[in-house]
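Q: My structure is below; once you've seen it, I'll send some questions.
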Amino acid sequence: VLCSPPDRGASGEMLVYDAKGTSAYARLDFLADAHDATAEGEDFILSSAMNNSIYWITTRGDLLRQWSAPGEPDSWHVNGVVSKGGKTYVSAFGMFEKYREWNSHREDGSGIIYNIDECRPVIMGLDCPHSPLQVEEGWLVCNSARHQLLLISERTQEWVRTLQLDHWTRGLAVSDDLIYVGESANRKSFQVGDTAKLSVIDRRSWELVDRCSVPFQEVTSLCVVPKVLVEALRRGFRTNPYRENSFSLYNMFEKAGT
């Protein structure tokens, strides 16, 4: 899901890939300020922070249904989406009523993980949460405003583990042995040369085993994918060698001024 402006009426876009490259494109006129996507069977669930909503759509971009939090646009800042055990959860900055009211409540524990099927928060006391994941150990969540990674008990809601990192945490993925967390550069005090980081954490000991710079300023989401998809992501729409060859030759002549 591609970034779109935080404006009412802005269009979002979705790309679908298979092992060959891009297999589908959809323009989503209802999706303003897209923040996350997750699969549910053969369909997808997408979040729209501006619209306080999540949407169920097909791979062709057809809208199946919608859930919206109460309040004005972007009053909750709905972002992460989780679908597990037949239930859907969202992370949000808080249950507010006014437009971006959360902006003055970033570090007062207003953030939540919300079960939309039961209409109740299942985790509270967070600060600008992003990227929730339900794993065997419990809830993994980026406590972004405090630059933390948390492990929270699903049963008791207690913070089982806390890892303090250096920057705004957003983007979370796990493998059998590792946890991957994105750390974005500071938007307000950004300096030339600042980049986002990818932190790699041992899933058992919770020790930081690696941190590497990435060639951009922010991380929105992370995903562990099969290696076969990596080349397909790079290939994108270049799935027709004949068209690509013809287009490349035409481009060469254009650039040469013929």
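Q: Could you list, in sequence order, all residues of segment 45-63 that are of a type outside the set (A, V, I, L, M, F, W, C), in a loop (DSSP other than H, G, I, E, B) and open to solvent by less than 10 Å² (accessible area, probe 1.4 Å)?
A: Residue satisfying the conditions is N52 alone.
Q: Those residues that are among the polar types (S, T, N, Q) and farther than 20 Å from S221 by Cα, I need them from segment 85-113; list them, please.
A: Selection gives N103, S104, S110.
Q: Look through S53, S68, S47 and report the one residue that is more than 22 Å from R170 (Cα to Cα) and hydroxyl-bearing (S, T, Y).
A: From the options S53, S68, S47, the qualifying one is S68.
Q: Okay, moving on. For segment 195-206, check the following and say yes or no: at least one residue is in contact with a Gly (Cβ under 8 Å, 6 or more places away or on another chain), small (G, A, S) and not in a strand (DSSP E or B).
A: So far as segment 195-206 goes, yes, one or more of its residues are in contact with a Gly (Cβ under 8 Å, 6 or more places away or on another chain), small (G, A, S) and not in a strand (DSSP E or B).
Q: Just checking, how many residues over segment 211-249 are open to solvent by 100 Å² or more (accessible area, probe 1.4 Å) and under 25 Å from V1 (Cβ atoms)?
A: Counting residues in segment 211-249 that are open to solvent by 100 Å² or more (accessible area, probe 1.4 Å) and under 25 Å from V1 (Cβ atoms) gives 7.
Q: Can you name every residue in segment 72-98 that is open to solvent by 60 Å² or more (accessible area, probe 1.4 Å) and in a loop (DSSP other than H, G, I, E, B)?
A: Result: E72, G85, G86, M95, E97, K98.
Q: Looking for something touching a residue at least 60 places away in the same chain (Cβ under 8 Å), assigned to a strand (DSSP E or B) and surrounded by 14 or more Cβ atoms within 10 Å (Cβ to Cβ) - is there at least one such residue anywhere in segment 64-71?
A: no
The values are calculated or read from the model by the stated rules, or taken from the named source; none is laboratory data. Only a predicted model underlies this, so the values are computations on that prediction, with no experimental measurement involved. Every residue, glycine as well, gets a Cβ built from its backbone with ideal geometry; the counts of neighbours run over all protein chains shown. Areas reflect the complete protein model, heavy atoms only, side chains present, ligands, DNA and RNA absent. Shrake-Rupley method; radii C 1.70, N 1.55, O 1.52, S 1.80 Å.
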